[in-house]
Amino acid sequence: MGYTIYDIARAANVSKSTVSRVLNNQNNISEDARKRVIKAIEELNYQPSKLARALSSSFDAIMVVSRSAKTTTNNPFFSEILQTVAEKAEEENFDVILQTAKNSRDELEKCITKIKGKMIKGIIMLSSPANEELFKQLDVFNIPIVVIGKVEGSYTNIFSVDTDNFHDSYELTKYLIEQGHKRIACVHSPLEYHVSMDRLNGYKACMEDHQLPVREEWMIDGGYNVETGSLAARKLLLGSNRPSAVLATDDLKVMSIYKTATELGVSIPQDLSVVGYSNSSFIPFMTPSLTSIEIPVRKLGETGANLLFSIIRNKPEGTARNIIKTEKVIRDSVIKKYTYNS
């Protein structure tokens, strides 16, 4: 059912002319009446495009697009980076609209609806799908989009802020090899996003460059949460040909491996050396402490938000592709091996 201006007036207990003044963003109206009209518009689900046109001169918002809940549950990366973006938006006097989607088609449709409705002035995407069809279809709307992640294609309005995931995984794998490990596994995330593909490919490239076997049974998809990660770790550790070391491509995989190793009586690092990525406040408290690539989550969020707002204000700061440096920290989760069969 489509509601009219009369329905809005009735729900807000104001006159039709008052609703009209709010919709036309006129000043000769009390703040209380304005709030009641806006509340009625929201409650009756009045057409977003009409609301946006009415408030366009006083309603500034960006949209943060996150992945579906099944891929982000209990993942601290998304909550921390969202908090960082929200803090910057508050400084800029912008509101933040958080959007999730069931799938890529749903995501595209929701983005287009808000863009066409003029509800937003920019978008920050918290992940980068390997299939960039979404970017191609959004680029034509001439609205700035900053992706926290890798963007491979060439676009007019799409910018990226990322770390060098391929290089970081290469370096972690190389460190294990330098410590004498040759039987090295990788527990990774589903290969739907650039970050997952780049981290797995960095591991594979390093193994191949050092003439070490890349075994299919040692490259295991750990899903998106600790439960699926633990199943992957169990499969790896209970296999007949257990590796001496493993690269975990995110902190949830690290937690899964530590948890499963404890349950199975596998000692880290004596029985299994572990390296991985850390972007969680609790990783430093794990025992033994993790040798890892430290992901500067706040820096990613701040850089992405600063870039978006600078473009919105027609004073772009940064380039189309921005790489944030990471740090490799050597701790206690790796033991040096001395025999060829390590």
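Details
- Checking each residue in region 195-219 for being in contact with a Lys or Arg (Cβ under 6 Å, 6 or more places away or on another chain) and open to solvent by 10 Å² or more (accessible area, probe 1.4 Å) picks out Leu212, Val214.
- Flag for Ile62 being more than 30 Å from Tyr277 (Cα to Cα) and of a type in the set (Val, Ile, Thr): no
- Any hit, region 265-275, residues being open to solvent by less than 70 Å² (accessible area, probe 1.4 Å), touching an Asp or Glu at 6+ places or on another chain (Cβ under 9 Å), outside any loop (DSSP other than H, G, I, E, B) and modelled with pLDDT of 95 or more: no
- Note on region 96-201: enclosed strands (runs of 3 or more DSSP E) holding 2 or more residues that are over 30 Å from Val246 (Cα atoms) are 123-125, 145-148, 158-162.
- Qualifying positions in region 298-318 - without any contact (Cβ under 8 Å) to a residue 40 or more places away in the chain, over 23 Å from Pro76 (Cα atoms) and either in contact with a Lys or Arg (Cβ under 8 Å, 6 or more places away or on another chain) or open to solvent by 30 Å² or more (accessible area, probe 1.4 Å) (or both): Arg313, Asn314, Lys315, Pro316, Glu317
- Qualifying residue in region 67-75 (condition: modelled with pLDDT of 85 or more and closer than 30 Å to Gly229 by Cα): no
- Residues within region 184-194 that are surrounded by fewer than 22 Cβ atoms within 10 Å (Cβ to Cβ) and within 15 Å of Lys253 (Cβ to Cβ), tallied: 3
- Extreme residue, farthest from Met255 (Cα to Cα), among residues of region 319-340 that are of a type outside the set (D, E, K, R), open to solvent by 100 Å² or more (accessible area, probe 1.4 Å) and assigned to a loop (DSSP other than H, G, I, E, B): Tyr340
- Candidate set: region 101-138, residues that are of a type outside the set (A, V, I, L, M, F, W, C), in contact with a strand residue (DSSP E or B) (Cβ under 8 Å, 6 or more places away or on another chain) and without any contact (Cβ under 8 Å) to a residue 60 or more places away in the chain; chosen: the one most open to solvent (accessible area, probe 1.4 Å): Ser104
- Condition met for Leu44 (at pLDDT below 80, within 23 Å of Ala11 (Cα to Cα) and either out of contact with any Cys (no Cβ under 6 Å at 6 or more places or on another chain) or of a type in the set (Ser, Thr, Tyr) (or both)): no
- Counted residues, region 157-175 - those being closer than 14 Å to Ile295 by Cβ, open to solvent by 10 Å² or more (accessible area, probe 1.4 Å) and not acidic (Asp, Glu): 1
The values are calculated or read from the model by the stated rules, or taken from the named source; none is laboratory data. Bear in mind that the values here come from a model prediction, so they are computed numbers and not experimental data. Here the Cβ is made from the backbone with ideal geometry for all residues, glycine too, and neighbour counts use every protein chain on show. In case anyone asks, the SASA skips ligands and DNA or RNA and just uses the protein heavy atoms, side chains included. Shrake-Rupley method; radii C 1.70, N 1.55, O 1.52, S 1.80 Å.
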